[in-house]
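Written below as structure tokens is the structure these notes are about.
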Amino acid sequence: MAPLPKCCPSNSDPNYVPLHYTEVTPERDEFLITGDKLSLDRATDFVGSPDAGAISTFSGTTRRTFENKEVIQLEYEAYEDMAKKEWYKLVAEARKKHHLIKTSLYHRIGIVPVGESSVIIAVSSAHRADGLNAVRFLIDQLKDKLPIWKKEVLDDGSAHWKANNDPLANKSSHHDHQHHH
């Protein structure tokens, strides 16, 4: 899927640049890893701004099936300090590519039942194209770069840990011997 046009196709002023911020700060960029149920409303409230014409979101939820097997639940673990550093690097990159006002990432750890969110990303921007393109960039990069592990528990009794693509996240042997219940 091709990204949306960069910005503001109806604006006739070639020098127009919408309000945005290039620096990552805790006041504008929220990061939360929690064992609690995630709130899309909380994320959109954080990124809301009177300067925003768009709030764009992504919510990743636990689906009922995986490869024709019934999913009982997902379970997540994260290396929180490194995940935070990597997330802020991604936000800095997104801010260079897209005109963003505020950003928010919530990621759940522990057990996430079917139908509940494991990750929420929200951004605000003056125009929708910047926000929608940034959300897609951020979720794709999060899955590639953040040290977060997912365990799929299936109805056939099997359970499989999956790591993100980051070399630091590929610690399947760590999980193989630490998670017997």
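Do we find that HIS160 is in contact with a Leu (Cβ under 9 Å, 6 or more places away or on another chain) and either at pLDDT 85 or above or open to solvent by 20 Å² or more (accessible area, probe 1.4 Å) (or both) in this structure? The answer is yes for HIS160. As for region 68-76, it holds no residue that is surrounded by fewer than 16 Cβ atoms within 10 Å (Cβ to Cβ), out of contact with any Gly (no Cβ under 9 Å at 6 or more places or on another chain) and either hydroxyl-bearing (Ser, Thr, Tyr) or within 14 Å of LEU105 (Cα to Cα) (or both). Contact map, region 83-104: residues that are open to solvent by 50 Å² or more (accessible area, probe 1.4 Å) paired with residues that are assigned to a helix (DSSP H, G or I) and at pLDDT 95 or above, Cβ distance under 7 Å, separation 6+ or inter-chain. Pairs shown: LYS97/PHE137. Take ALA122 and decide whether it is closer than 24 Å to GLU27 by Cβ, surrounded by 14 or more Cβ atoms within 10 Å (Cβ to Cβ) and modelled with pLDDT of 95 or more. Yes, satisfied. Within region 114-137, the residues that satisfy the criterion of being part of a helix (DSSP H, G or I), among the aliphatic types (A, V, I, L, M) and under 16 Å from THR44 (Cα atoms) are LEU132, ALA134, VAL135.
Contact map, region 130-141: first residue within 15 Å of ILE120 (Cβ to Cβ), second residue open to solvent by 30 Å² or more (accessible area, probe 1.4 Å) and among the hydrophobic types (A, V, I, L, M, F, W, C), Cβ cut-off under 6 Å, separation 6 or more or different chains; pairs are VAL135/PHE58; ILE139/PHE58.
The values are calculated or read from the model by the stated rules, or taken from the named source; none is laboratory data. Quantities reported herein were computed from a predicted structural model and do not represent experimental measurements. When we count neighbours, we look across all protein chains shown, and the Cβ atoms used for this are built from the backbone with ideal geometry, even at glycine. The accessibility values were calculated without ligands, DNA or RNA, using every heavy atom of the protein model including side chains. Shrake-Rupley method; radii C 1.70, N 1.55, O 1.52, S 1.80 Å.
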